[in-house]
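One structure below.
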Amino acid sequence: MRDGKITLGQAAAWCGGAVAPQFAETAFHGANFDTRRLQAGELFVALVGARNGHAFARAAMEQGAAGVLASEGLDADIPAIYVQDTEKALQAIAQQRRAQLSLRCVGITGSVGKTTTKEMIAAVLETTFVTQKTAENFNNGIGLPVTVLGLSENCEAAVLEMGMNHFGEISALTRIAQPDIAVITNIGTMHMENLGSREGILQAKLEILEGLRPNGVAVFNGDNDLLRREAAKYHAVTFGCGEDNTVRAREVRVEETQTSFTARGFGEEFRVVLPVSGEHYVLDALAAITVGLQCGVSPEKIAAALAEFRNTGMRQKRYDRDGLHIIEDCYNAGPESMRAALKVLQGARGRRIAVLGGMLELGDFAPQAHYEIGQAAAGAADILLAYGENSEEYVRGAKAAGLDNARCFPTHEALTEALRETVRPQDTLLVKGSRGMKMERVLQLLFDKSKIGG
C-alpha cells in the first residue's frame with residue numbers, strides 16, 4: 001500500500017490471485033462493479049451473473065479504472081488481477097484492507113430497522129468523528145466489501161449494515177467488517193422461508209458476533225424476547241423501553257409529526273425529539289444513543305443529531321399531494337414493520353386507507369402472517385386495498401375483525417383504479433409492501449392522472 005492506495009500486487013497476494021509483473025505496482029483506491037458509477041482510480045470488479053462484467057472491462061479502463069479484478073482472460077494491455085471467483089476475491093481484499101485501517105466500526109443487523117438504525121447511528125457519530133456508512137442497500141457480499149474498500153484514510157468511524165437471506169451470510173460479512181460494536185436491532189419473522197423459525201433467524205443474526213474484534217461490544221434490543229434471553233450469554237449492552245435495559249426510554253410521546261422520549265443510561269438522562277412519528281423509531285434511536293454514548297459522544301450532540309434525522313429512500317416518507325396525506329413505505333415489509341406502519345396510520349387524520357402489498361419470504365408462515373396483519377389493519381384503517389401473493393388473507397383477516405371495506409386486486413392497475421374511485425381530499429394513505437411488490441407503482445399510477453376522485 002502507498003498513500004492509502006492498494007497495489008495490484010498486494011491485492012493479488014491478499015486474494016490468492018495473479019498479476020503480470022509490469023502491473024504489480026499499479027495502485028487503486030476503492031472498487032466498483034458498475035461502469036455507470038465507476039470513479040477514476042477504482043478497481044473494476046468483473047462479476048459474472050445475469051450479465052458478464054468482463055464484457056465491460058475495456059469500457060471501465062476508458063472511464064479511468066486503475067485495473068480489473070477478473071476470472072476470464074482480458075487483453076494483455078489491461079492491468080488485471082486474475083482469480084477463480086471475483087466475488088470471493090473482492091471479499092478477501094476488503095477483509096485485509098479493513099484489518100489495516102485504524103477506525104471504529106459499528107456493524108448492524110436485524111430483521112427490521114437496519115437501515116434506519118444505520119442512518120441514526122451515522123448521524124450521531126458524525127457529530128464527533130469523520131464517519132462513513134453503507135450507501136443505499138450495499139449490505140450484502142458484494143456491497144459491503146465495496147463499501148470497505150471505499151473507506152478513506154482519515155475515516156474514524158464506519159457504520160456498516162449487514163443483510164442476509166441464508167445461514168452463513170452474516171458470518172462472511174462480519175469477518176470482512178470486523179466490528180468493534182455489533183448491533184442487533186431485533187429478531188422477527190423476515191426470511192422465515194429460508195431459516196425455518198425465529199430461532200433459526202436468531203442464530204443467523206448472532207453470526208455477526210463471529211467477527212467482533214477483541215474487547216468488542218455486543219448491543220442488543222433488550223425488549224426483543226429472544227435477544228433478551230441471549231444478552232447475558234454474550235455480555236451484551238441492551239437498549240429498550242423495559243426498565244432492566246442498559247439504555248432505556250421513558251415518557252414516550254408519539255404525535256402526528258414527531259416522537260419524543262427521555263433517554264436514560266450510562267449515568268446520563270436527556271430528552272430526545274425525533275422528527276418522525278412512530279413508536280418503532282424509539283428503538284432505532286435508542287440503538288443510536290447506546291452506540292453514541294459507548295463512543296463518547298455527548299448527550300447534547302446525540303440529541304441534536306437525532307432532532308435533524310431524515311430517513312432514506314421509500315422508508316415511511318410522509319408528504320401531502322393533491323389533497324391527500326401520504327405515508328409511502330415501499331422499501332420492504334414483514335409482519336413487524338407492517339404492524340409498526342399500521343400503528344402510524346391509526347393515529348393519522350382523516351379517513352385512513354391501508355394500501356398493502358404482500359409480504360415475501362415467509363414460507364409456510366405466510367398465510368397466517370397475512371391473516372394476522374389483516375386483523376391489525378382492521379383496527380387501524382377505515383379501508384383496506386391489497387395486492388399480491390396472499391393478499392386475500394389480508395382481506396379475510398380484516399373482515400373477520402370487522403372491517404368490511406377490504407378488497408384485494410390482481411394488478412397494480414386494478415387496485416389504483418379502485419383507489420381512485422375511493423379517495424377523498426384529506427384522506428391518509430399508507431402504501432406498503434415487500435420490495436418485490438413494487439407498491440410505489442400504485443402512487444405513480446394514481447398521480448399520473450390529472451384529477452383524483454372526490
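Identify, please: which residue in region 110-126 is closer than 20 Å to Gly216 by Cα and among the charged types (D, E, K, R) and is, among those, most open to solvent (accessible area, probe 1.4 Å)?
Step by step, filter region 110-126, then rank; the result is Lys114.
Quick check on this structure: which one of Ile108, Ile93, Ile121 is among the β-branched types (Val, Ile, Thr) and closer than 30 Å to Ala24 by Cβ?
Answer to the selection: Ile93.
Can you pull out the strands (runs of 3 or more DSSP E) entirely within region 188-301 that have at least 1 residues that are surrounded by fewer than 16 Cβ atoms within 10 Å (Cβ to Cβ)?
247-254, 259-265, 268-274
Surrounded by fewer than 16 Cβ atoms within 10 Å (Cβ to Cβ), touching a helix residue (DSSP H, G or I) at 6+ places or on another chain (Cβ under 9 Å), farther than 30 Å from Glu279 by Cα and at pLDDT 95 or above - does that describe any residue in region 77-86?
Yes; the residues of region 77-86 include at least one that is surrounded by fewer than 16 Cβ atoms within 10 Å (Cβ to Cβ), touching a helix residue (DSSP H, G or I) at 6+ places or on another chain (Cβ under 9 Å), farther than 30 Å from Glu279 by Cα and at pLDDT 95 or above.
Is there a residue in region 414-436 that is among the hydroxyl-bearing types (Ser, Thr, Tyr) and in a loop (DSSP other than H, G, I, E, B)?
Within region 414-436, one or more residues are among the hydroxyl-bearing types (Ser, Thr, Tyr) and in a loop (DSSP other than H, G, I, E, B).
Pairs needed: first member in region 323-348, aromatic (Phe, Trp, Tyr); second member anywhere, modelled with pLDDT under 90; C-beta distance under 7 Å; at least 6 residues apart or different chains.
Pairs found: Tyr331/Gly313; Tyr331/Met314; Tyr331/Arg315; Tyr331/Arg435.
Report whether or not Pro145 is crowded, with 18+ Cβ neighbours inside 10 Å, at pLDDT 95 or above and part of a loop (DSSP other than H, G, I, E, B).
no
Given the condition part of a helix (DSSP H, G or I), over 30 Å from Leu360 (Cα atoms) and touching a Leu at 6+ places or on another chain (Cβ under 8 Å), answer yes or no: does some residue in region 111-131 qualify?
yes
Would you confirm, using the coordinates I've provided, whether Asp448 is of a type outside the set (Phe, Trp, Tyr) and either at pLDDT 95 or above or under 14 Å from Gly323 (Cβ atoms) (or both)?
Spelling it out, it is not the case that Asp448 is of a type outside the set (Phe, Trp, Tyr) and either at pLDDT 95 or above or under 14 Å from Gly323 (Cβ atoms) (or both).
Just name the residue that is most open to solvent (accessible area, probe 1.4 Å) out of those in region 90-109 that are touching a Gly at 6+ places or on another chain (Cβ under 8 Å) and not aliphatic (A, V, I, L, M).
Only one residue fits best here, namely Gln91.
Just for region 347-374: of the residues that are open to solvent by 60 Å² or more (accessible area, probe 1.4 Å) and outside any loop (DSSP other than H, G, I, E, B), which one is farthest from Ser337 (Cα to Cα)?
Per the stated criteria, the residue is Asp364.
The values are calculated or read from the model by the stated rules, or taken from the named source; none is laboratory data. Here the structure is a predicted model, which means the values were calculated and not measured. Cβ: placed from backbone, ideal geometry, glycine included. Neighbour counts: every protein chain shown. The protein model used for the area step is the full one, side chains on, heavy atoms only, and it has no ligands, DNA or RNA in it. Shrake-Rupley method; radii C 1.70, N 1.55, O 1.52, S 1.80 Å.
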